[in-house]
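Working notes, beginning with the structure itself.
The values are calculated or read from the model by the stated rules, or taken from the named source; none is laboratory data. Please read these numbers as outputs of a predicted model, since none were measured by experiment. A quick note on method: Cβ atoms are made from the backbone with ideal geometry, for glycine too, and the neighbour counts reach across all protein chains shown. Heavy atoms of the whole protein, side chains included, go into the accessibility calculation; ligands, DNA and RNA do not. Shrake-Rupley method; radii C 1.70, N 1.55, O 1.52, S 1.80 Å.
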Amino acid sequence: MPSSQTFQNHLAKARNAIQIGPIILIILTVSFVFSIDNATFWSIATSIFKGHPLSYAGYILAVFFLTLAAFSLFALPWLVKPFLVFIVVLSAVTSYYMDSLGVIMDRDMIQNVMVTTLTESKHLITAGFVTHLTVYGVLPAIAITLVKVKRYGALRTLAAPALTFCVCMSLAAGLLMADLKSYASILRERKDFMSSFQPGAPLVGVIRYVKMMSRSVNVPVVAIGEDAKKGPSYISGGKPVLMVVVAGETARSQNFSLNGYGVETNPKLATLPVVSFKQLSSCGTATAVSLPCMFSRFTRDTYSYEQGISHENVLDVLSHAGFHVEWWDNNTGDKGLADRITSRSFTHTQNEEFCGAGECMDGIFTQALKDYAATITQDTVLVLHHIGSHGPTYHLRYPAEFERFTPTCRTAEFKNCSRAEITNAYDNTIAYTDEILAQTIGLLQDEDGLATAMVYVSDHGESLGEGGLYLHGSPYFMAPEFQTKVPMIMWMSETFENQLGIDRNCLSAKSDSVLSHDNLFHSLLGMLDLQTVERNPALDVFASCKAARKVARN
Ligand SMILES: [Zn+2]
């Protein structure tokens, strides 16, 4: 008999010997995930329930029974194994990011994962991740596939899950009722607690994401600002306007020397007549939320994914006013913002100097912008979507000659780097952004035939290990300021200031004002002197600086 057949016979015998019921398989899997994939959850639980062992045990058992109750609904012969394989793999993936980077898998993070590009996500797949996934996800998944699940008659097959569900729910309810008041206050105050629980948190995230997406399928897009028209500044003609809006990526305000950082990360911008707003908070903590939000008419309080995709954005309003509007992308796409305008992707440009492996450094824009500016004959707004400081591979965001702060972290495996190395690599990305913005301003300055301006604003910040957190995407309510305070830097040529009637000193005086992404929509309209019912003067930082100039002129 061939040896492979012998092996298969042994395997079949072994499988027959270890037949187990579906409910037992679920109990074993939940116990495994509970104990192995929840380091952060356990550490938070231990600190919360310190000195209260009974409450601790009661709560953990209640969560365990609730999980069992939910999973027992999948205890059907054809369903149980695929479901449990999905659970162990999902928990292995999410526990790695939770436990090593502090990344919480909520709805918005699931959205980020879904809309991210392969090029962007490949940097997160490190050797450490693959090892973790293999040991905690793939091997248990193989074990689950190999186990033979007992088959019962129809009645027992259906009754067992129903009974398990009822018993587990009753036990969980009983345990929670025993100390409901303190559990309720813990859950209210420590929102990070259950957000760290695998597989509960990512499953709830997936369900909420699917609900959000299903609500927004085929929603019509409501036009906004169709009344927009150019204001009095345009009546006497003048030079065509070229405004470059740089949508930055993962740049946090705290690491800009323009905003008080002790490391010289903005040597070039420091020599230019820019206005840097130091107190600007972002709409979200990740691109998928912040980017559509900051260009929308909605504030952080009123923005939602559904509202965002069902309404036109400020770029559409600019088009309605007669501007030519383009979006150039060197990041993960425009998130639907450029659906109705011209857009161009730079991420796969063939360019030895700036590009490699499906991504480019932001220097790729400079020559293209120079060529483009020379052709402009009408009022134009160009959005440049930078890759900026996108991690974890900060060292890939800048050319070798911009390795100014050393030593740097040169891997996506943060545990192999010191905090200082990670920060140095990040600071180099900011210094490179400084260089690119200065180049952009330089070439806009040279365009004598145009009235030029630049607005730079980042989508969200980044954690560099403070409080054990890395990267970004923390739920807003618990996100540190490192993830939510972002730079906004403006530059205007003299022609632009004169033509649009803007008082730069007045604007500079506002650089310490508390602002947010809520202001961007209205300020872009105000800066360009566009009249529309959509512009709310209270949120337009230019509103009083135009008035001031008019008063000064009179
Ligand atoms: Zn981003």
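So the values come out like this:
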| item | result |
| --- | --- |
| Residues of type aspartates and glutamates that Lys211 reaches as a straight line, Cα spacing below 14 Å, ignoring anything fewer than 8 places off in the same chain | Asp106, Asp108, Glu306 |
| Tensor-based shape of the range 199-272 (alpha-carbon gyration tensor, a/c under 1.5 rounded, otherwise prolate or oblate) | oblate |
| Reach of Lys191 by Cα under 17 Å, taken over lysines that are not fewer than 8 positions away in the same chain | Lys181 |
| Accessible-area value, His52, 1.4 Å probe, nucleic acids and ligands omitted, Å² | 100 |
| Cysteines (scope the chain) whose Cβ has no counterpart Cys Cβ under 4.7 Å | Cys166, Cys168 |
| Length gained when the stretch Ile48-Val221 is fully extended (0.36 nm per residue, less Cα-Cα span) | 57.7 nm |
| The chain - accessible surface per residue (Å², probe 1.4 Å) | 43 |
| Three-way shape label, the range 53-103, alpha-carbon gyration tensor, a/c 1.5 | oblate |
| Tensor-based shape of the range 1-87 (alpha-carbon gyration tensor, a/c under 1.5 rounded, otherwise prolate or oblate) | prolate |
| DSSP-defined beta bridges in the chain - what % are antiparallel, rounded to 5 | 35 |
| Loop-exposed chymotrypsin sites (Phe, Trp or Tyr not before Pro) per DSSP, neighbour cap 14 Cβ within 10 angstrom, longest uninterrupted part of the chain | 153-554 |
| Heavy atoms of His517: accessible area, 1.4 Å probe, square angstrom to 10 | 10 |
| Out-of-range pairs (alpha-carbon distance over 22 Å; input Lys230/Lys546; Lys335/Lys546; Lys81/Lys150) | Lys335/Lys546 |
| Added length on full extension, which subtracts the Cα-Cα distance from 0.36 nm per residue, Ala538 to Ser185 | 123.3 nm |
| Accessible area of Glu435 in the full protein assembly, 1.4 Å probe (Å², nearest 10) | 20 |
